[in-house]
Structures are given as C-alpha cells and as structure tokens.
Amino acid sequence: MEFLRTFFAQTIVKRILFLMLVVILLYSLRHMLNLLLLLFLVTFVMGRLEGFVTRKLNRLFPVSPLVVNIALYLLLVISLVFGILNFVPKIVVQVVDMFNNITRFMNSSQQNEFVEMTAAALEKLDFQKYLGNVVNYIMMLGKWLEIILFVLLLSFFYLVQKKKVVQFTEKFRHSKISWAYKEFYYYGRKFTSSFGKVIEVQLLIAVFNTVLTIIGLWILGFPYLFALTIMVFLLSLIPVAGVIISFIPIGIIGYQIGGLSLVLWTILMILVVHALETYFLNPRLYASKTKLPMFYTFIILIFSQHYLGIWGLIIGIPIFMFLLDVLGVEQSEEATE
C-alpha cells in the first residue's frame, strides 16, 4: 500500500494519468469536436487580437479591454452577416458548379492522353469521394451557423469576464482536487504556448497564401474565384499536403479553360507564392523550434487524419508540437536538420 501511495504521488505519474483522463474525456466528447476546436481557435485568436489592439490604442489614449472586445465582436458579427447575405449564395453555386465540372472532366472520354492519365490517377486516389466529402462539409451551412453562434457567444463571455473566470478557477487550487487543478494549469500553459501559437501561425500563413493565390488565379483568368478562395484557405491550413491537394482541382480547371500552357503558368504562380512563404514568411512567423522535417510532417498528417478526420489535418502538427513541449524535446534548428 505504501508503495502504491509513493508511486502515485510522483509528479510524472500524476501527469501521465491526468493526460490519459483528458484523452478519454475528449474521446467521449468526439461528437462535439467541431464546437470545442472552433471555440478554442476563436477565443485564442480574438484574445490575442484584443491584446494587440488594446496595446496600440493605449499609446494614443486609455481604453478598456472590455470596449475593445465589444468593438471587435461587433465588427466580426457584422462581417459574418454581410458575408452570409452577399457571398454565401454565390459560394454555394460556385462550389456545386465546380464539383460538377470536375466530375464531368473525370468521367469524360476525350481522346487525350494527358486527360486520361490524370483521370486514371485521380480515380486510384478516389479523389471524387474526398472532393464530395469536402463539398458536403461546406454545404452543411445550417449546422455550421449553429456552431458559430455558440462559439461566438461563449468566447465573447469568456473574454469579457476573463478575470472573474480566472479568479473563480483559482479556488480549485486549495480544494480536494487541487492535484487536478495543478496538472490542468501545467498542461494549459504548455498547450497555449505551443499548440495555440502554431495554430496562430498556420492561420496567418493560410491568409497570406490565399490572398496571393487568388490574385494570381484572377490574373490568369480563372472562374469560381469565391469557391476557390474558401478551398485554398481551408487547405492552406494543412501543412505541406494542402498545397498538393488544392492544386488538383485548380489544375483541372486550368486545363479545361486554357490547356496545358495555363496549367504550367499556374504551377509557376503557385511555386512563386510558396517560395515567398518559405523564404520570407516562415522565418518571421515560425521560430526555429517549430520546424519539422517533411518526413515527420507527412507521417503526423497520415495518423492524425486517420484518427481525427479533416480536423486532424489541421491540428495534427500543433498537437505534435505540444507533445514535444511536454516531453521537453529539444526543438532547435540544429536538431531538425
């Protein structure tokens, strides 16, 4: 009995047990994964944005974080309502049209060696099934609107009452479950400093890639720009593999409207965009500790997609970085080269 008491009193044992309990809890809440992940992302990003805006405005005149939060959420809600009323119908029409167009291309019997080779390769990858799943995911607008409404309300109330929430949570430090509070505090800090920051960087890079890619596609005369904007942004959140996946529908559309020459120009444009990301943006946004070899990146994406689905492609790398941080693995540039 004394051995067991001593064993479970060790810090490392407590942390492993706590992490296992969290994993079991998250698995039991897997049907709420969209809500939980989106809530964390929106709260984290809006919290960082509120801090940034408050610091900048305080240099000019004193301003309350509460006022900044209210202004930011009002702006966000107005933008969402404006976007839903004006752009969502166009996006839905373009997504359906683009999906049908690509399906016709893959089912066509043109006597063209390039077309037949491309269609055969996509059929082996079962690309039509994956594209259909993505389309269905985007088309679930009613479900997503409900999730977004809950996320905005919860994140807003948390940020507005952040001090009160922290003060109330502090009461658990001296309660009968103080050990759980200490582990929650430990993992919470690690999670925010690693997972949160990597997700923030992925969002910034996705915005950068989307803006430059859509400008390039507009210059090259591509149709379906609204639908392609959404697709490129979502796939840009997937490290490395997102570039390859997003090029498949873009390449097919390019071949249909301009032939092989337009496909080559599109490849050149995408290479330029990602060269700017790799050599200009990444060194400034990613610290050297967040760099991973491409082999590790693909292995993590394969396993995270298998167990977490589409979300796994987005959060797989941040979760791995969080685990490296918890395990105290050295993540310097020299260690990854």
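Shape class of region 211-269 from the Cα gyration tensor (axes a ≥ b ≥ c, square roots of the eigenvalues): prolate, since a/c reaches 1.5 or more and a/b is larger than b/c. On full extension, the segment bounded by S28 and K162 gains 45.5 nm, given 0.36 nm per residue less the C-alpha separation. As a length-normalised measure over Cα pairs under 8 Å and 6 or more apart, the relative contact order of region 184-328 settles at 33 percent. Solvent-accessible surface of region 184-328, taken per residue with a 1.4 Å probe and all protein chains present: 50 Å². Any idea which of W218, F184, L313 is furthest toward the positive side of the dipole for region 184-328, if Lys and Arg beta-carbons carry +1 and Asp and Glu beta-carbons -1? The residue sitting farthest along the positive end of the dipole is F184. Taking a ≥ b ≥ c as the square roots of the Cα gyration tensor eigenvalues, region 153-213 comes out oblate, since a/c reaches at least 1.5 and a/b does not exceed b/c. The string of couplings for region 254-262 from the Karplus curve (6.51, -1.76, 1.60, θ = phi - 60°) is x, 5, 5, 9, x, x, 5, 4, 5 Hz, one whole number per residue in order, with x for Gly and Pro. A Förster distance of 35 Å, applied to the separation of the beta-carbon atoms of L80 and F298, puts the FRET efficiency at 0.50.
Distance between the 7 Å Cα→Cβ label points at I219 and L66: 4.9 nm. Average accessible surface for region 5-63: 72 Å² per residue, computed with a 1.4 Å probe over protein heavy atoms with every protein chain in place. Working out 0.36 nm times the residue gap between L19 and V53, then minus their Cα-Cα distance, what length gain in nm do you get to one decimal? Between L19 and V53, full extension yields an extra 8.8 nm.
How much length is gained if the chain between R173 and F150 is pulled fully straight, taking 0.36 nm per residue apart and subtracting their Cα-Cα distance, in nm to one decimal?
Stretched out fully, the R173 to F150 stretch lengthens by 5.4 nm.
Annotation for L323 and E200: the two label points, set 7 Å from Cα along the Cα-Cβ direction, are 2.4 nm apart.
The values are calculated or read from the model by the stated rules, or taken from the named source; none is laboratory data. This structure is a prediction, so every number in the text was calculated from the model and none was measured. Cβ atoms come from the backbone with ideal geometry, glycine included; neighbour counts cover every protein chain shown. Areas reflect the complete protein model, heavy atoms only, side chains present, ligands, DNA and RNA absent. Shrake-Rupley method; radii C 1.70, N 1.55, O 1.52, S 1.80 Å.
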